[in-house]
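The values are calculated or read from the model by the stated rules, or taken from the named source; none is laboratory data. All figures in this text were calculated on a predicted structure; none of them were measured in a lab. Don't worry about glycine lacking a Cβ; one is built from the backbone with ideal geometry, like all the others, and counts go over all protein chains shown.
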Amino acid sequence: MQPAPPAALQLAARLRQLRQGTPRLTQGELAGALSAEGKLSPATVSSWESRTAPKIPPVHRLDAYARFFSTPRSVAVEGPPALLPLDGFTPEERKSYDTLSADLLRLRSAASGESFYEEPTFQRTWHFPDAGRVTFVCAELPADQIGPFGDPESPNYTELQTFADIDSLMELHGHIRAENPTATVHFKTPQEVVPDDLTGHLIVLGGVVWNEITGRLSRMARLPVRQVPTPDLESGEIFVAKVGGKERQFWPQWTGEDKKVLSADVGLLARVPNPLNASRTLTICNGIHSRGVYGAVRTLTDAALRDGNERYISTSFGNTSSFAILMSVEVIKNQVITPDFNGSDSVLYKWSSDAA
């Protein structure tokens, strides 16, 4: 067997040093804490710390190491060690995280033979190399909210006036057509969908109230993020997800004297294999309100930010086929500001099915 490169042994030693610091953790305790973002076994932790033939952890696992070891609150006096959300860090903890994360990434780059400063390659989320059928499933407005041009009996009938989230549909439809010029692309309401539509690449826009397919497919795909109604918010449904073993709620933010002006919505971008045809994809762009849906769409269509956001997805989730991101979508002067995943406040929650 070939000896391990010195750089790989240095990375393994650094990970071992972190775990054996104060307080000292077992490999099982560390694996349990880091399993908050995908199951991790003690054996895998051991393989990363091997003194003879260490394996190189994926980037998103090193990010979890940096988060865990950059705050003493990860190891509480009571309860098991826990991986804490980055958005709850103090400025000092965030500085420690940034330093440790950069250190671990440099060690990994040296161990893998990659340049730390090299631009990472990434998949384009909206490019489907198989050129398969792509179907948008868009929510339809309730009858009492459709304008006069949405009435089929009107001489000026315009079908799109019956669709919810038209901004999101138009933004993403053009982008999908540009990325997949030979693919057949359709958009339909849930009532218009036929079985053949459900076995291609599916893009679902909108929430569970006006688009029942969103809820149905989310449950089939076993997404860890749910949308639930609450009497304290009449205009939409909040998101809930488990963070550190506890259910956490994600709410929009309001401003103005009467607290009725939306200043930040919550958006969801989720990509999983289509539960009705695993060789195709299901992508959900959702939000508490329409601004959240549009923000989720814009993360990967905005020319100024999409490449950086694609790199964030590639770095965070690797080659996993299933991931989800809850994001804060800022609204300024009634305009949606595209979330930057690489910023400090945009990503509220992330999940991946990757257990490695």
(message) For the stretch 14-29, give me each residue that is touching a helix residue (DSSP H, G or I) at 6+ places or on another chain (Cβ under 8 Å) and either farther than 21 Å from Phe317 by Cβ or among the aromatic types (Phe, Trp, Tyr) (or both).
(response) Arg14, Arg16, Leu18, Arg19, Gly21, Leu25, Thr26, Gln27, Gly28
(request) For the stretch 94-126, enumerate the residues that are at pLDDT 85 or above and more than 17 Å from Arg14 (Cα to Cα). (result) Thr125, Trp126
(message) Can you confirm whether Lys259 is assigned by TED's automatic domain parsing to the domain that holds Val331, under 22 Å from Ile332 (Cβ atoms) and among the basic types (Lys, Arg)?
(response) yes
(message) If Pro129 meets every condition in (1) within 22 Å of the chain's Cα centre (by Cα); (2) surrounded by 12 or more Cβ atoms within 10 Å (Cβ to Cβ) apart from one, which number is that one?
(response) (2)
(request) Count, please, the residues in the stretch 154-197 that happen to be touching a Cys at 6+ places or on another chain (Cβ under 7 Å) and of a type in the set (Gly, Ala, Ser). (result) 2
(request) Scan the stretch 155-181 and report the pairs whose first residue is over 13 Å from Phe128 (Cβ atoms) and whose second residue is assigned to a loop (DSSP other than H, G, I, E, B) and among the aromatic types (Phe, Trp, Tyr), with Cβ atoms within less than 6 Å and a gap of 6+ or a chain change. (result) Ala164/Trp210
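Does Gly267 qualify as being assigned by TED's automatic domain parsing to the domain that holds Phe323 and in contact with a Gly (Cβ under 6 Å, 6 or more places away or on another chain)? Can you show your working first?
Numbers: assigned by TED's automatic domain parsing to the domain that holds Phe323: yes; in contact with a Gly (Cβ under 6 Å, 6 or more places away or on another chain): yes.
Yes, satisfied.
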(message) Which condition from (1) more than 21 Å from Val243 (Cβ to Cβ); (2) in contact (Cβ under 8 Å) with a residue 12 or more places away in the chain; (3) not hydrophobic (A, V, I, L, M, F, W, C) is the one that Pro81 breaks?
(response) (1)
(message) Here's a check for you: in the stretch 160-218, which residue that is closer than 20 Å to Ser235 by Cβ and of a type in the set (Gly, Ala, Ser) is modelled with the highest pLDDT?
(response) Ser168
(request) Identify, by number, the condition in (1) within 21 Å of Gly267 (Cα to Cα); (2) in contact (Cβ under 8 Å) with a residue 24 or more places away in the chain; (3) surrounded by fewer than 17 Cβ atoms within 10 Å (Cβ to Cβ); (4) in the same structural domain as Thr301 (by TED's automatic domain parsing) that Ile203 doesn't meet. (result) (3)
(request) May I ask you to verify whether Val193 is more than 20 Å from Leu300 (Cα to Cα), surrounded by 15 or more Cβ atoms within 10 Å (Cβ to Cβ), over 22 Å from the mean Cα position of the chain (by Cα) and β-branched (Val, Ile, Thr)? (result) yes
(request) For the stretch 269-286, name all the residues that are farther than 13 Å from Val134 by Cα and among the basic types (Lys, Arg). (result) Arg271
(request) Filter the stretch 1-53 down to the residues that are more than 27 Å from Ala241 (Cα to Cα) and among the β-branched types (Val, Ile, Thr), then identify the one that is farthest from the chain's Cα centre (by Cα). (result) Thr52
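Select the strands (runs of 3 or more DSSP E) contained entirely in the stretch 225-337, then report the ones holding at least 1 residues which are in contact with a strand residue (DSSP E or B) (Cβ under 9 Å, 6 or more places away or on another chain) and aromatic (Phe, Trp, Tyr).
233-243, 246-250, 253-255, 323-332
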(request) Could you check Ser46 against (1) touching a Leu at 6+ places or on another chain (Cβ under 9 Å); (2) under 15 Å from Ala12 (Cα atoms) and say which number it fails? (result) (1)
(request) Restricting attention to helices (runs of 4 or more DSSP H) lying wholly within the stretch 1-106, give those where 2 or more residues are surrounded by fewer than 18 Cβ atoms within 10 Å (Cβ to Cβ). (result) 6-19, 27-34, 42-49
(message) Take the residues in the stretch 210-254 that are within 16 Å of Ser290 (Cα to Cα) and polar (S, T, N, Q); name whichever of them is surrounded by the fewest Cβ atoms within 10 Å (Cβ to Cβ).
(response) Ser235
(message) Taking the conditions exactly as written (of a type outside the set (A, V, I, L, M, F, W, C) and under 24 Å from Leu326 (Cβ atoms)), does Arg51 satisfy them or not?
(response) no
(message) The conditions are (1) surrounded by fewer than 18 Cβ atoms within 10 Å (Cβ to Cβ); (2) not assigned by TED's automatic domain parsing to the domain that holds Pro275, and Lys188 fails exactly one of them. Which is it?
(response) (2)
